[in-house]
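S.K.: Got a structure for you, written out below as C-alpha cells; questions coming shortly.
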Amino acid sequence: MTTAAEQMAQKQRSISVAEFFSKNRHLLGFDNPRKSLLTTVKEAVDNALDACEEARILPEIIVEIIDMGTDRYRVIIEDNGPGIVKEQIPNIFARLLYGSKFHSMKMSRGQQGIGISAAVMYGQLTTGRPARITSITGKGKQAHYYELKIDTTTNTPQILKDDVVEWNKEHGTRIEIDLEAGYSKGATSVDAYLKQTAIANPHVTIIYTNPKAEQFIFPRVVEELPAEAQEVKPHPYGVELGLLMQMAHQTSSRTMSGFLQQEFSRVSSQVAKEILQKAGVLENAKPADLTREAAEKIIRAIKDTKIMAPPTDCIAPIGAEALKKGLKKEIKAEFYCATTRPPAVYRGSPFIIEVGLAYGGELKGDSVAKVYRFANRVPLQYQQGACASTAAITQTNFKSYGLQQSKGSLPVGPLAIAIHIASIWVPFTSESKEAIAHYDEIIKEMKLALQDAGRQLAKYVNKKKKLKGELQKRSYIEKYIPSVALAIKQILDLTDAQKAEIEERLKGIMESSRGEIKNIADTNEEYDEEFAKIGKEDEESSDDEDDEQ
C-alpha cells in the first residue's frame, strides 16, 4: 500500500517556463485587453530599436494596428534592421527565455529574451492563430517566411510554415500577430507610448497607423545614432556576497589578485592589492578556495577602498539637452531644465540617472505634477505608484523649490518631471517591465538628480517672485506720477505740455533708477501643438481605467 507522501510524489513534475507564463500571463503585462495591445507593440518596437542600434542602422519602424472586429486586432511591426538568420527565427519568436542580451553587460532595452515570444504566445492563446514572421538579412539574400506557434509544454517552437518569399526590402524583419485586445486613446495608450518613444529616441522614424486608420509620422530629429554601448565587466561596488563567491568559483584566474583584476572593471593590480590586504586575504590564494568568511571580509574591504567610478561607455543616456528638447516638444511651459548625474553602481552594475523639469506656462497650477518615467529610453506607463522614480519624487522636498507638497505625496503645482534610468541591467519589479525596483542606490541617485534640477527651478521661481514684486512696486510709483506732475504744474503754473513732459521725465527717472525689466521665461520653438495632443485625446475618460492598473 502506497503512502500519502508517495501518492503525492507521483503527481509532482517539472513545469516548462512557457506553461507557467501561459497561466500567469499577467506577470508579463497581458492582464487586460488594452494593456495586452500596448505590451505587444512595445516588445516588438523595443526589439526593432535594439536590433537597428546594434547593427548601427538608423531605425525606420512601421507600426500598424488593424481592427478585425469582435475585440481582435492584428499588430504589424516592420523594421529596417539587420534581419535575422533563418535558423534563429523560430527560437527568437517562439521560445521563452531565449536571447543574446541576458548575459551581456551593456545597455539595451530587452534583457530576458521573453518579451516578443510572450506576445506570440498571447496571440496564440487568445486567437489560436500563429505569428507570421518575414526576415531578410541583406541584398541578394532570400527572405524567409515563417508561421510559428509555441509548444507550451516543452517551450519549443512549432513551425507551421517555412517558406521563401519575395520581399522588396534590402534588410529587415516584419512580424504579424493576431490577438484579443482593446484599443483606446489616453495616457497609457499605444499612441502615447509611441510618442514618448519618439521623444526618448530622437534618432528613430516611426510611421504609425492606429485602428481608426489615423496615421502619425514621428520623424527623426537627429541623424546620428546614440553612441554604441560597449560591454563591460561588473564594478566591485555593490557586488553581493553570493555573487562574489559564485564568480570566484567560476573564474579561470589562478590567484585572488588576478581574479579581482580579470572579473571586475576599474580594479588595477594596486587596487586589488589594497582590497586583499584590508581583507587579510593572500594575493596568491586560489579563488576556488574562497570561503564565505573571506568573501565577507573582501566585501567590507571593497566598500572601504576608493575605486574609480565605472566606465560610462556601456551606457547611452539621452543627454540633458535632448531631454530638455523632448519636454519642450511635448509641453508648453515657461521654464525648462535637465540634468545628468555621474555614473553610479548597484549590485556591480553601473547606471546613470537623468531628470528634466518643465514649469509654468500651460501646466495646471492646482494639479499634482505630471511624471514621465523612462528606463533605457523606454517609456514606463503603468504601475507609477510602485516605481522607484515615484518614491524618489515623493521623498524629495519640493517645498524648497517653491511648490506645495504633502508628506509622502507628489508635488502640487505647474510642474512636469521626466526621470530616466540608463543601465546595463535595469531592476524591474516584474517581467512586464513597468516599474523600477526600490534599490537604495538608485533612489538616492534619483533624489540627487531631482535636487539638482530642483535648485535650478528654485532660482527661476525666486527670480519670478522678485520680478513680480518689482512690477508691483513700479505700478505703485506709476500710479502717483500723474498726481506729482499735476502738483508741480499747479505750483509752477505750467502748461499741459510741460506737465506731460514732467510725467515722461519722472517715468524715465524710475526706469533708470530701478533698471530694465527682462523676460526670464524660456523661449520654446520646439513646441508642436499637434504632437502634444497625441495620447491626450479621451485622456480624462481613460484615467479611471489607468488608475486601476
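S.K.: What is the extension gain from Thr70 to Glu283, computed as 0.36 nm multiplied by their sequence separation minus the C-alpha to C-alpha distance, in nm to one decimal?
M.R.: Working it through step by step, the gained length comes to 69.8 nm.
S.K.: Rounded to the nearest 5, what is the percent of antiparallel bridges among the DSSP beta bridges in the chain?
M.R.: Rounded to the nearest five, the antiparallel share is 85 percent.
S.K.: Here is a follow-up. Extension gain Asp452-Glu362, at 0.36 nm per residue separation less the Cα-Cα distance, in nm?
M.R.: Answer, rounded to one decimal: 30.0 nm.
S.K.: Moving on. Over what distance in Å are the Cα centres of the range 22-55 and the range 296-340 separated?
M.R.: Using only Cα atoms, the two centres lie 26 Å from each other.
S.K.: Could you work out the equivalent-ellipsoid semi-axes for the range 166-228, taking the square root of 5 times each eigenvalue of the Cα gyration tensor, largest first, in whole Å? Please list the in-between numbers first.
M.R.: Details: eigenvalues 105, 75, 24 Å².
Rounded to whole Å, the semi-axes are 23, 19, 11.
S.K.: Need the list of lysines near Lys407 for cross-linking: C-alpha distance under 19 angstrom, and skip anything on the same chain fewer than eight residues off.
M.R.: Straight-line reach from Lys407, under 19 Å: Lys370, Lys399, Lys444, Lys447.
S.K.: For the chain, what is the calculated [θ] at 222 nm in deg cm²/dmol (nearest 500), taking -39500 (n - 2.57) for each run of four or more DSSP H residues and dividing by its residue count?
M.R.: -12500 deg cm²/dmol
S.K.: Related question: Near the amide H of Ala435, under 5 Å away, which other amide H atoms are found, from residues 5 or more places off or on another chain, if H is placed in the peptide plane?
M.R.: Thr429, Ser430
S.K.: Also: Give me the percent of the accessible area of the chain that comes from carbon and sulfur atoms, probe 1.4 Å, all protein chains in place.
M.R.: Answer for the chain: carbon and sulfur cover 49 percent of the accessible area.
S.K.: Name the helices (complete DSSP H segments) of the chain with a Cα length along the long axis of 30 Å or more and a Kyte-Doolittle mean of at least -1.0, or state none.
M.R.: Working: long enough: 33-54 (32 Å, -0.43); 440-492 (75 Å, -0.48).
Going by DSSP H runs, the hits are 33-54, 440-492.
S.K.: Ok, one more. Just want to confirm a number: the relative contact order over the chain, from Cα pairs under 8 angstrom separated by 6+ residues, in percent.
M.R.: Relative contact order, the chain: 14 percent.
S.K.: Based on the inverse mean of 1/r over its pairs of different Cα atoms, what is the Kirkwood hydrodynamic radius of the chain, in Å?
M.R.: The answer is 27.0 Å.
S.K.: I'd like the distance between the alpha-carbon centres of the range 361-380 and the range 1-17, rounded to an integer number of Å.
M.R.: Comparing the Cα centres of the range 361-380 and the range 1-17, I get a distance of 51 Å.
S.K.: Can you list the equivalent-ellipsoid semi-axes of the range 138-285, largest first and in whole Å, using the square root of 5 times each Cα gyration tensor eigenvalue?
M.R.: Equivalent-ellipsoid dimensions as semi-axes: 48, 24, 19 Å.
S.K.: Using R₀ = 25 Å, calculate the FRET efficiency as 1/(1 + (r/R₀)^6) where r is the Cβ-Cβ separation of Glu87 and Trp167; round to 0.05.
M.R.: So the FRET efficiency works out to roughly 0.85.
S.K.: Rounded to the nearest 10 Å², what accessible area does Leu410 show when all protein chains are kept and the probe is 1.4 Å?
M.R.: Its accessible surface works out to 30 Å², give or take rounding.
S.K.: Net charge near Tyr208: determine it from the other residues with C-beta under 10 Å of the C-beta of Tyr208, scoring Lys and Arg +1 and Asp and Glu -1.
M.R.: Once positives and negatives cancel, what remains is -2.
S.K.: Let me ask you something else. Let me have the relative contact order for the range 376-516, percent, based on Cα pairs under 8 Å that are six or more residues apart.
M.R.: Once normalised by length, the contact order is 23 percent.
S.K.: Report Ser184's accessible area, 1.4 Å probe, all protein chains in place, as a number in Å² to the nearest 10.
M.R.: 40
S.K.: Work out from phi, with θ = phi - 60° and the Karplus expression 6.51 cos²θ - 1.76 cosθ + 1.60, the ³J(HN,Hα) of each residue of the range 128-138, listed in order in whole Hz, and give x for Gly and Pro.
M.R.: My calculation for the range 128-138 gives x, 9, x, 7, 10, 10, 10, 8, 9, 9, x Hz in order.
S.K.: Here is a follow-up. Want the number for Thr394 to Tyr439: 0.36 nm per residue separation, take away the alpha-carbon distance, what's left?
M.R.: Taking Thr394 through Tyr439 to full extension adds about 14.7 nm, to one decimal.
S.K.: Mind grabbing the accessible area of Arg34 for me, 1.4 Å probe, Å², rounded to tens?
M.R.: 20
S.K.: Where only protein heavy atoms count, and the probe is 1.4 Å, what is the accessible area per residue for the chain in Å²?
M.R.: 49
The values are calculated or read from the model by the stated rules, or taken from the named source; none is laboratory data. Nothing here was measured: the structure is a model prediction, and the numbers come from that model. Every residue, glycine as well, gets a Cβ built from its backbone with ideal geometry; the counts of neighbours run over all protein chains shown. Side chains included, ligands, DNA and RNA excluded: accessible areas come from the protein's heavy atoms. Shrake-Rupley method; radii C 1.70, N 1.55, O 1.52, S 1.80 Å.
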